[in-house]
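Participant: Handing you a structure now.
None of the figures in this text is laboratory data; all of them are computed from the coordinates on show. On a predicted model such as this, the values are computed, not experimentally measured, just so you know. Reconstructed Cβ throughout: ideal geometry from the backbone, glycine too, with neighbour counts over all protein chains shown.
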Amino acid sequence: MNNAACKAYRCSIIRGGTSKGVFLKENELPPVGEERDRIILRLLGSPDQRQIDGLGGANSLTSKICIIGPSEREDADVDYTFGQVSVEKPIIDWQGNCGNLSSAVGLFAIDNNFVKAKEPFTKVRVYNTNTSKLLNVIVPVKNGYSVFDGDHSIPGVPGAGAKIKLEFLNPQGGVTGKLLPTGNPVDRVRTSDGKEFNISIVDAVTPVVYIKAEEMGLTGTELPIEVERMPEILKTMEEIRSIAAELSGIVSSRADATSSSPAFPKVGFVSKAADYMNPDGVMISKHDIDLVARLGSMQKMHRAYMVGGAVSTGAASKIPGTIIWEAMTEESRERHTLRIGQPYGPMEVDIVGGKDNSFEKICVDRTARVILDGIAYIPNNE
């Protein structure tokens, strides 16, 4: 490689849960600002709907960046900054965290000697700079390195891997500073066509606006690929998301939400537990789930379910009156483990606390795998 013609950046590509991202070390990048954003956009190949000239995967689930460095905090080992990179626009949304890729932060920290590996499990204490929140990533290790192989499987990822436990500590108010940004478990909003919707905005790690599927004219069991063939539904979801962004203080005007805050809040629709067929043709039984939910991000449907969204859903399940709470049975409301019927099947969320809408921690199990360690190049003259 002619180094005079290119700039080189050491990086890793890691799958964490149902997402995949490019990991970089903090000290190998310029400070926060336009130059850093320009480098990241070029590395991932944005803006371009194919991301053909970069490392992005042409989808919001695979167009993500994670920046890791040692933490100066006594209660954390590493600082972790997440960026949601737009595929089609020169935008990086730095406002929130990616829960799925949080699992991969543990692998990167151990394998790059930010944390000393201790068998059989190493707890990596992570400070997420986007949300100013702490989380623990508990990773299986052997011979000084993270372990990928195992028999744990998660809906939306082929095969199995080693189980990684994520503990999101005091997750309420991750982006807006409030568990219920409007102060209400339910708000009623009106879209530009005069239709009214009941919504719940809940912020735990990630702010999510929940809509009743039936009010959208849906059953709730539709798969993401089906919804993306419904342009009017997507348009309505984005308008409701934009209204929620204004109501929760993320943007000053709903008119600016798509351009200035495309990734947060997330948006989704919810229905009571029901049987449905997943994308692999497997029947998911209503007896194995507590409700059915689908989420969208970056104006498209998420193919599986965001971990940050799952934490928000878990918190919402303990707040009387929310759209999530209303979709559940009395029995399921009493349990401390919520089983979300996401597109591929049941996703479990363990909830600790919840009294007075304060949670000690909300936990999710994931798998993760390092796909590549290497050097990425971008032209020197750009």
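Participant: Rank ILE324, ILE40, ILE201 by mean-square fluctuation in a GNM of the chain with C-alpha springs under 10 angstrom and give only the top-ranked residue.
Facilitator: ILE40
Participant: What are the semi-axes of the equivalent ellipsoid for the range 335-381, taken as the square roots of 5 times the Cα gyration tensor eigenvalues, largest first, in whole Å? Before the final figure, lay out each step's value.
Facilitator: Details: eigenvalues 287, 56, 23 Å².
Sorted largest first and rounded, they come to 38, 17, 11 Å.
Participant: For the chain, what does the convex hull of the Cα positions come to per residue, in cubic angstrom? Intermediate values should be presented prior to the final figure.
Facilitator: Numbers: hull volume 53.0 nm³, N = 382.
Spread over its residues, the Cα hull of the chain gives 139 Å³ apiece.
Participant: Just need log10 I(q)/I(0) for the range 187-362 at q = 0.09, 0.11, 0.18 Å⁻¹, Debye formula, equal scatterers on the alpha-carbon atoms, no solvent, rounded to two decimals.
Facilitator: Values returned for q = 0.09, 0.11, 0.18 Å⁻¹ are -0.28, -0.42, -1.15.
Participant: So, how do all the Cα-to-Cα distances of the range 159-248 break down into 5 Å bins, in percent, from 0 on up?
Facilitator: In whole percents, the pair-distance histogram is 3, 12, 20, 18, 15, 14, 10, 5, 2, 0.
Participant: Another question about this same structure. Based on other C-beta atoms within 10 Å, arrange MET347, MET301 from fewest to most.
Facilitator: Listing MET347, MET301 from fewest to most nearby Cβ atoms yields MET301, MET347.
Participant: OK, next. Describe numerically, in nm with one decimal, the distance between label points set 7 Å from Cα along Cα→Cβ at LYS7 and at PHE121.
Facilitator: For LYS7 paired with PHE121, the spin-label model returns 4.1 nm.
Participant: Report the calculated FRET efficiency for ASN381 and GLU34 (r = Cβ-Cβ distance, R0 = 22 Å), to the nearest 0.05. Please list the in-between numbers first.
Facilitator: Numbers: r = 17 Å, r/R0 = 0.78.
With a Förster radius of 22 Å, E is 0.80.
Participant: ³J(HN,Hα) across the range 300-305 via Karplus (A = 6.51, B = -1.76, C = 1.60, θ = phi - 60°), whole Hz, x for Gly/Pro?
Facilitator: These are the phi-based 3J(HN,Hα) values: 9, 7, 6, 5, 10, 7 Hz.
Participant: Over 29 Å between Cα atoms, which of LYS20/LYS165; LYS25/LYS355; LYS89/LYS123; LYS20/LYS195; LYS64/LYS165; LYS212/LYS318 qualify? Please report the intermediate quantities before stating the final value.
Facilitator: Values: LYS20/LYS165 18 Å; LYS25/LYS355 39 Å; LYS89/LYS123 37 Å; LYS20/LYS195 37 Å; LYS64/LYS165 21 Å; LYS212/LYS318 17 Å.
As for pairs spanning more than 29 Å Cα to Cα, those are LYS25/LYS355; LYS89/LYS123; LYS20/LYS195.
Participant: Related question: For ASP151, ASP356, what ranking results if the residue with the fewest other Cβ atoms within 10 Å of its Cβ goes first? Each step should come with its number before you reach the end.
Facilitator: Values: ASP151 9, ASP356 5.
Neighbour counts put them in this order, fewest first: ASP356, ASP151.
Participant: Let a ≥ b ≥ c be the square roots of the eigenvalues of the Cα gyration tensor of the range 267-382; is it rounded (a/c under 1.5), or, if not, prolate (a/b larger than b/c) or oblate? Provide the component values of the computation, followed by the final result.
Facilitator: Numbers: a/c = 2.21, a/b = 1.64, b/c = 1.35.
Here the range 267-382 falls in the prolate category.
Participant: Restricting the calculation to Cα positions, tell me the Rg (one decimal) and the Dmax (whole number) of the range 1-146 in Å.
Facilitator: For the range 1-146, the Cα radius of gyration and maximum Cα-Cα distance read 15.2, 45 Å.
Participant: When a/c reaches 1.5 or more, the comparison of a/b and b/c decides; with that in mind, is the range 159-212 rounded, prolate or oblate per its Cα gyration tensor? Please list the in-between numbers first.
Facilitator: Working: a/c = 4.09, a/b = 1.84, b/c = 2.22.
In terms of gyration-tensor shape, oblate.
Participant: Follow-up. What is the distance, in nm, between label points placed 7 Å from the Cα along the Cα-to-Cβ direction at GLU226 and at VAL282?
Facilitator: 1.9 nm
Participant: A further question on this structure: Hey, what did the range 187-362 get for relative contact order, percent, Cα under 8 Å, at least 6 apart? List each step's numbers first, then the result.
Facilitator: Details: 346 pairs, mean separation 38.1, N = 176.
Value for the range 187-362: 22 percent.
Participant: Could you work out which residue, out of THR191, THR131, THR236, moves most in a Gaussian network model of the chain, that is, has the largest mean-square fluctuation with Cα springs under 10 Å?
Facilitator: THR191
Participant: Among ALA244, ALA255, ALA273, whose mean-square fluctuation peaks in a Gaussian network model of the chain (Cα, cutoff 10 Å)?
Facilitator: For the chain, modelled as a Gaussian network with Cα springs under 10 Å, the answer is ALA255.
Participant: Got a sec? How would CYS66, CYS11, CYS6 order by Cβ neighbour count within 10 Å, fewest to most?
Facilitator: On the way: CYS66 24, CYS11 21, CYS6 16.
Result, fewest neighbours first: CYS6, CYS11, CYS66.
Participant: How many angstrom lie between the Cα centre of the range 281-319 and the Cα centre of the range 197-262?
Facilitator: 14 Å
Participant: Further, regarding this structure: Over the range 29-115, what lengths in whole Å, largest first, do the semi-axes of the equivalent ellipsoid take, defined as the square roots of 5 times the eigenvalues of the alpha-carbon gyration tensor? Before the final figure, lay out each step's value.
Facilitator: Numbers: eigenvalues 121, 38, 25 Å².
Output for the range 29-115: semi-axes of 25, 14, 11 Å.
Participant: For ASP193 and ASN170, FRET efficiency with R0 = 51 Å and r from the beta-carbon atoms, rounded to 0.05? Intermediate values should be presented prior to the final figure.
Facilitator: Working: r = 40 Å, r/R0 = 0.78.
Given R0 = 51 Å and the Cβ-Cβ separation, E is 0.80.
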